[in-house]
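Structure record follows, encoded as structure tokens.
The values are calculated or read from the model by the stated rules, or taken from the named source; none is laboratory data. Remember, it's a predicted structure, so these values are computed and weren't measured experimentally. Ideal geometry is used to build each Cβ from the backbone, glycine not excepted, and the neighbour counts take in all protein chains shown.
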Amino acid sequence: MVKKKPSMGRQKIPIAKIPKKNHLQVTFSKRRSGLFKKASELCTLCGVEIAILVFSPAEKVFSFGHPDVESILDRYLTRNLPPAPDQSGAQQLVEAHRNANVRDLNARLTQVLNQLEAEKKLGESLHQMRKASQKQFWWEAPINELGLHELEQLKVSMEELKKNVAKQTNKISSITGASSTHYSSPALFGVLNHDHTGTGSAGFFESKPTGFINNASTSTMPNHRVYNFGYGHHGLF
């Protein structure tokens, strides 16, 4: 029985310096963002004042501070005590307003980071759904991604489609041709030119219209040649 390899998600990562420079830089970027996010949450939830200075492996400086890095460092280095309770009311209002703005910015930052994380998860889900859909409807995938068996099935389907299209085209062409022959048949014009004598009237298209005979004292039928469409011409038009 083949022993399965343990999942990377369940392995314990040893806490040691990463030897590969590229991996080290990627890990630093991810951990730095996570550290600043946790510090922002700590400031928002507990109202603490915090300052973080980080030097990257490339000697770049990154900082995070609440309310700001300078005031926290100044207090730490000079050991300045907190302001006395009897300080002026205006200064207290300014300090409270600044702290409120910083807390609001930290809350917005946390919200944006959470939204970004949710969008990443949604993108991964859509990617998985797209891959599953391509497996189900394999014929919609690009040609260069299909295997030999799928290409053979696609070829058979395309040939069958070509036969059906040709058959339908011939059917429509035959119907159209039969209709054209019917409307252009000389027998039709013989019916139109037929007079009371039972013979085709060659002068049907040359005689002038005579109109209907509206006489109440006679039963004479109107002249059939009243519909003289070709008066003055040698044809229907």
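Within the group Q128, Q153, Q168, which residue is at pLDDT below 85 and either part of a helix (DSSP H, G or I) or surrounded by 10 or more Cβ atoms within 10 Å (Cβ to Cβ) (or both)? Walk me through it before giving the result.
Numbers: Q153 fails: at pLDDT below 85; Q168 fails: at pLDDT below 85.
The match here is Q128.
How many residues are outside any loop (DSSP other than H, G, I, E, B), exposed (fewer than 14 other Cβ atoms within 10 Å of the Cβ) and of a type in the set (D, E, K, R) when one looks only at the range 30-65?
Going through the range 30-65 one residue at a time, the tally reaches 3.
I'd like the residue in the range 71-100 that is under 26 Å from L53 (Cβ atoms) and among the hydroxyl-bearing types (S, T, Y) and, out of all such residues, is modelled with the lowest pLDDT.
T78
Taking T27 and the conditions (1) β-branched (V, I, T); (2) assigned to a loop (DSSP other than H, G, I, E, B); (3) modelled with pLDDT of 85 or more, which numbered condition does it fall short on, given that it satisfies the others?
Result: T27 fails condition (2) only.
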